[in-house]
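Every number here is computed from the coordinates shown, using simple stated rules; none is lab data. None of these values were measured; they are calculated from a predicted model. As a convention, Cβ positions derive from the backbone with ideal geometry for all residues, glycine included, and neighbour counts pool all protein chains shown.
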Amino acid sequence: MARKIPVISFVGYSGSGKTTFIEKLIPELKSRKLRVAVVEHDSAEDMENLQEGNTQRFSQAGADLVSVTSKNKIAWIEKREVEPSLEELLGYIRDVDLIIMEGYKGGDFPKIGVYRKTEGMELVLPIEELTAAVADVPIDEELPCFSLDDVGGVAQYVISHFLQKAGYPEGIALEEGIAQLLAVPSWPVFEYISIDESDGRICGEDINADENIPHFAKSPLDGYALRSEDIIHASQDTPVILKITEEIPAGRQPIYKLESGMAAKILTGGPIPEGADVVIRFEDTVFDAETVALSFPAAPNTNIVPPGEDIHIGEEIIQKGSLINPSVIGLLASLGRTRVLVAKKPVIAIVNTGDELIEAYEPLAPAKIRNSSRYTLSAFLREAGAEVVQGGIAKDSVVEIAELYRKALGESDMVISTGGVSVGDYDLVIPALESLGAQILFWKINIKPGAALVAAQLNGKVILALSGNPTSAAIALQLLGMPYIHKLMGKKQIGLKKIKVFMKNSYDKPCPNGRYLEGRMVFEDGKTCFETISKQKNGAISSLMGCDLIGEVVPGTVGLYPGDAIEAYLINS
């Protein structure tokens with residue numbers, strides 16, 4: 001998979017020392033086996049100072065493109081009508097690990113400011129537009145700042161924050177991410193439990209009936225059991241009168257075999273006596289304590305429930321990997337099964353990261369937020385059938401994040417974390433995972449919301465690091481995480497169920513790259529409809545209120561309007 005080459009720009013006023021610092025940084029990066037390209041913008045008209053010898057003469061003579069090569073160098077000079085765009089310029093660069101630009105203040109790539117207070121200069125860009133600074137004095141307590149002599153520190157910062165992340169598969173498709181997680185080997189553990197405790201668990205075996213249900217022929221109503229051949233000529237004018245032999249309630253075995261001219265009073269659920277092949281309901285007869293009169297014939301097997309009518313021997317009750325529900329439990333009990341093999345609930349640990357997080361019970365403090373994601377994700381996981389352990393809150397420290405991961409992995413089958421997965425200075429999940437020796441599977445996924453995440457494995461266990469934004473984390477958990485969790489649970493059906501729905505209201509924002517919408521299921525005019533939730537914001541926990549569907553907007557959609565059909569995922573299905 002081709003990957004995008006990381007680009008970093010060093011910005012500063014002329015005389016700030018940026019050129020000198022880059023000159024020192026290049027050999028430092030080269031000593032770490034990195035290939036480095038440098039892009040410098042020269043304002044000198046026609047770049048005459050860069051042309052020498054025959055190259056200059058050929059260019060001045062009018063050649064549009066001049067190449068000069070030597071044993072281990074090559075240079076090109078091309079005349080252009082207009083200055084090439086930065087994107088076009090970067091497109092020429094191949095086979096390097098890093099592109100350093102000097103002086104480019106535009107673009108959305110990271111920028112490191114170079115500053116010399118001793119020279120009376122200021123930062124060339126506002127602090128909030130910088131990733132880090134190189135200066136002779138501290139700049140800001142929240143901005144990573146290196147001294148002008150700390151070339152090694154800047155090199156390590158660049159490697160850990162940009163190069164290492166850039167080396168992993170980035171922005172892959174949802175389907176590819178699911179496939180990579182499912183490829184991590186996992187084997188559910190099974191246990192026998194009482195059927196009283198099995199509701200909602202995943203069955204660990206194929207179960208077929210070894211008995212008929214019912215195992216005897218019985219009456220579905222209150223009436224009289226008799227022989228059909230005895231009433232073959234019965235009519236209103238010539239009723240047939242039969243002698244009552246006994247009363248057979250449910251649960252009592254008949255005493256007498258019916259001979260010609262006999263009938264047995266039978267109640268709902270009562271076993272059919274030997275010799276009988278018809279049951280006539282009470283209201284269609286005339287009876288007293290000793291006899292019953294019948295005035296019409298009936299075909300054999302009328303009103304008789306045969307053995308195995310509900311479940312027959314050998315019939316499949318439930319497949320391995322299927323969800324046990326109340327009806328299955330009832331069938332198992334009918335078959336005399338009081339215990340059933342189920343997959344153990346996977347234990348999933350939740351670790352949250354960020355200096356800004358406090359527990360829900362703590363009073364608010366300036367710049368702090370309560371850790372809502374812990375509770376939202378825990379509830380989703382428990383509802384899905386997992387057990388949840390809390391791994392705590394890690395501060396923005398590689399050491400602390402790694403330690404909580406290490407502890408959580410020791411007491412769980414999978415770790416899910418929030419925060420620290422983007423490209424900011426305090427996004428330290430990848431360095432923490434690397435310090436543990438984890439294998440990074442991929443970084444970021446092509447969904448919106450929820451793109452910012454990291455998937456890794458260590459010692460056969462998956463670590464899924466999600467965004468710190470509550471909605472982004474919840475959507476990514478459902479779409480990407482649930483298929484793997486279903487595998488851990490031993491489920492036969494992997495991933496959320498998809499249904500076709502019709503838009504109830506409009507969503508008029510263009511989606512060139514597609515996106516996922518939070519919504520709720522409603523029914524109108526016999527159709528299953530998708531009602532979008534008004535707050536479609538990654539950081540808004542309220543956007544999950546009432547959300548039971550995730551609508552899929554395909555790439556290239558200009559807008560959605562009432563009645564338009566889309567596909568939607570059923571949350572926790």
Margin query: Give me M482, M545, M262 sorted ascending by neighbouring Cβ count inside 10 Å, so fewest comes first.
Written below: M545, M262, M482
Notebook entry, point to check: Considering amide H positions built from the backbone, and no H for Pro or chain starts, which residues 5 or more places from Y507, or on another chain, come under 5 Å of its amide H?
Noted result: L560, Y561
Next item on the list: For region 403-547, compute Rh as the Kirkwood radius over C-alpha pairs and then the Stokes-Einstein diffusion coefficient at 10 °C and 1.306 mPa s; write the answer in µm²/s, rounded to an integer.
Entry: 94
Next item on the list: Please work out, to two decimal places, the log10 of the ratio I(q)/I(0) at q = 0.22, 0.29, 0.31, 0.34 Å⁻¹ from a Debye calculation in which every Cα of region 427-468 carries one identical scatterer.
Entry: -0.67, -1.03, -1.11, -1.23
Notebook entry, point to check: Hey, what number do you get for the chain at 222 nm if only DSSP H runs of n ≥ 4 count, each worth -39500 (n - 2.57), divided across all residues, to the nearest 500?
Noted result: -5000 deg cm²/dmol
Notebook entry, point to check: Among 342-354, 238-250, 507-519, what's the highest-first ranking by average C-beta atoms within 10 angstrom per residue?
Noted result: 342-354, 507-519, 238-250
Next item on the list: Write down the Å³ per residue value for the convex hull defined by the alpha carbon atoms of region 498-570.
Entry: 79
Checklist line | Convex hull of region 347-442 built on C-alpha atoms - directionally averaged projected area, nm² | finding: 6.6
Checklist line | Beta bridges per DSSP with both ends in region 426-573, % antiparallel, nearest 5 | finding: 95
Next item on the list: Convert each backbone phi in region 437-453 into a coupling constant with the Karplus relation 6.51 cos²θ - 1.76 cosθ + 1.60 (shift: θ = phi - 60°), then list the ³J(HN,Hα) values in order as whole Hz, x for Gly and Pro.
Entry: x, 6, 8, 7, 7, 6, 10, 6, 9, 7, 9, 9, x, x, 5, 6, 6
Margin query: Taking θ = phi - 60°, what integer Hz values does the Karplus form 6.51 cos²θ - 1.76 cosθ + 1.60 yield along region 172-183, in sequence order, with x for Gly and Pro?
Written below: 6, 5, 4, 4, 5, x, 4, 4, 5, 5, 5, 6
Notebook entry, point to check: Restricting to the chain, what percent of DSSP beta bridges are antiparallel, rounded to 5?
Noted result: 55
Next item on the list: Output the antiparallel fraction of DSSP beta bridges having both residues in region 223-294, as a percent to the nearest 5.
Entry: 80
Notebook entry, point to check: With the dipole of region 498-570 worked out from charges on the C-beta (+1 for Lys and Arg, -1 for Asp and Glu) around the Cα centre, which of V522, P510, G563 lies farthest toward the positive end?
Noted result: P510
Notebook entry, point to check: Taking Cα pairs under 8 Å and at least six residues apart, what relative contact order does the chain come out at, in percent?
Noted result: 12
Notebook entry, point to check: Working from the pairwise distances between different alpha carbons, so that the mean of 1/r is found and then inverted, what is region 207-247's Kirkwood radius in Å?
Noted result: 13.7
Item checked: Dipole moment magnitude, nearest 20 debye, the chain about Cα centre, only Lys, Arg, Asp, Glu C-beta charged -> 1000
Notebook entry, point to check: Taking the alpha carbon gyration tensor of region 391-454, what are the square roots of 5 times its eigenvalues, largest first, to the nearest whole Å?
Noted result: 19, 14, 11
Note to self: Explain nothing, just the number: relative contact order of region 253-377, from Cα pairs under 8 Å at least 6 residues apart, as a whole percent.
What the structure shows: 12
Next item on the list: Could you quote the convex hull projected area for region 256-391, Cα atoms only and averaged over all directions, in nm²?
Entry: 16.7
Note to self: Can you list residues from other chains, or at least 5 along the same chain, whose modelled amide H is less than 5 Å from the amide H of E315?
What the structure shows: A209
Notebook entry, point to check: Near the amide H of L221, under 5 Å away, which other amide H atoms are found, from residues 5 or more places off or on another chain, if H is placed in the peptide plane?
Noted result: G269
Next item on the list: Give the peptides 86-96, 209-219, 27-37 in descending order of average Cβ contacts within 10 Å, highest first.
Entry: 209-219, 27-37, 86-96
Note to self: Please report the projected area of the chain's Cα convex hull averaged over all directions, in nm².
What the structure shows: 41.6
Check: When each pair of different Cα atoms in region 223-294 is counted once in the 1/r mean, what is the Kirkwood radius in angstroms, to one decimal?
Finding: 12.0
